[in-house]
1. Do you know which of the residues in segment 344-363 that are closer than 12 Å to residue 300 by Cβ and at pLDDT 90 or above is surrounded by the most Cβ atoms within 10 Å (Cβ to Cβ)?
2. Any idea which of 329, 364, 343, 416 is over 29 Å from residue 79 (Cα atoms), assigned to a helix (DSSP H, G or I) and in contact (Cβ under 8 Å) with a residue 12 or more places away in the chain?
3. Output the residues belonging to segment 147-164 that are over 13 Å from the mean Cα position of the chain (by Cα) and modelled with pLDDT of 90 or more.
4. Just to be sure I understand, how many residues within segment 386-417 are touching a helix residue (DSSP H, G or I) at 6+ places or on another chain (Cβ under 6 Å), surrounded by fewer than 20 Cβ atoms within 10 Å (Cβ to Cβ) and at pLDDT 90 or above?
5. So, of the residues in segment 166-201 that are surrounded by fewer than 18 Cβ atoms within 10 Å (Cβ to Cβ) and part of a loop (DSSP other than H, G, I, E, B), which turns out to be modelled with the lowest pLDDT?
6. Do we have residue 208 as in a helix (DSSP H, G or I), within 16 Å of residue 50 (Cα to Cα) and either out of contact with any helix residue (DSSP H, G or I) (no Cβ under 6 Å at 6 or more places or on another chain) or at pLDDT 90 or above (or both) here?
7. If residue 115 meets every condition in (1) part of a helix (DSSP H, G or I); (2) in contact (Cβ under 8 Å) with a residue 60 or more places away in the chain apart from one, which number is that one?
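The values are calculated or read from the model by the stated rules, or taken from the named source; none is laboratory data. Please read all numbers here as calculations on a predicted model, not as lab measurements. A quick note on method: Cβ atoms are made from the backbone with ideal geometry, for glycine too, and the neighbour counts reach across all protein chains shown.
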């Protein structure tokens, strides 16, 4: 009998090793998508001046080109989520990175503002699609005990990509003769590497089961997922998802929570960016390499702390209290008109740290609280709502600074943070340690 047990043991060990290798590969190519997102948004800043001079851009064109990626995300995330739920994760997973790579490569040859706008818009649409398919895939393949940490790693990847882009753009712009075309186009190399890494990746067993392709789902789950995951996959409902389901009696609370929480998390951050820069300027930290990397480093620290704690203390503890704290911090800045600059600086850094921390949960919750059949469209819808918040913070709040002043502007930002805290206090679920099916049941039961 021992002669039969040993080979079986070896096969079991080999299967476990292969599953771990696959998970590492999956996490790498998904996190790579978030690195690319941060990189695209960060690389344009260091070359903006040279680009504007070369293309003779007006202020309007500069604003449009800078905002193009955000607008693209607004468009791409709900469309990509709908497509991922309808046709599967795998084809959209490959299509979006392929489109991104082609659009990015076009930056090497652009010689007109309108083409640069079109290309940056296409890249933004691809990023939005990546949100809507990448996060569900991460949730659907991750072991329950690692799911939160792996999805939180997306936030580290975004900030890391932004910092890498800022450093790369600054160094290449200042110390080489490379054109702004080439510096912008460096994102192509990352995109091609990710595209190649995704070749041959499997479809999500959970999605296959949800559309009734049970034999395929079972085979892929056994091959790629943890041994105890098959049972949970087989608890998936076989039903067709639709946009209308997001607002059904079962799921409207989940939709309201992930959309409202995400909106309230990003809006104050973008809203105070202009004010924070004017404060840091008094310490020689605004603008340039030190300011950009310094502020990003504080936020990155908040994301890393959340990453380390999420599977220990749970989601709610990292979601609800930090939002109340940030609302109080912004309220103090808004009400204390004569506060010393150093106090305002410290308060802003506290806000940046904790805001980035709970912003990390916007990467986690969308993939967990909705069922497989609407996980893509739900994530995409929430991402689109968040981009509206980012747009409000970027474009409307500076007008508030000019017309209302810093105090009232900070109180508006505090009000948004307060609304997010109250919403999360009411609706934020605790999904730590739950299977994905249990987490997605949410308010439905």
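1. So in segment 344-363, the residues closer than 12 Å to residue 300 by Cβ come out as 352-353, 356-357, 359-360.
Checking the rest, the ones that are also at pLDDT 90 or above come to 353, 356-357, 359-360.
Working: 353: 19, 356: 25, 357: 26, 359: 23, 360: 29.
That would be 360.
2. Numbers: 364 fails: over 29 Å from residue 79 (Cα atoms); 343 fails: in contact (Cβ under 8 Å) with a residue 12 or more places away in the chain; 416 fails: over 29 Å from residue 79 (Cα atoms).
The match here is 329.
3. In the first step, residues of segment 147-164 are kept if they are over 13 Å from the mean Cα position of the chain (by Cα); the result is 147-149, 163-164.
Answer for segment 147-164, where residues must be over 13 Å from the mean Cα position of the chain (by Cα) and modelled with pLDDT of 90 or more: 147, 148, 149.
4. 1
5. 177
6. Taking the combined requirement at face value, the residue does not satisfy it.
7. Of everything listed in (1) part of a helix (DSSP H, G or I); (2) in contact (Cβ under 8 Å) with a residue 60 or more places away in the chain, residue 115 misses just condition (2).
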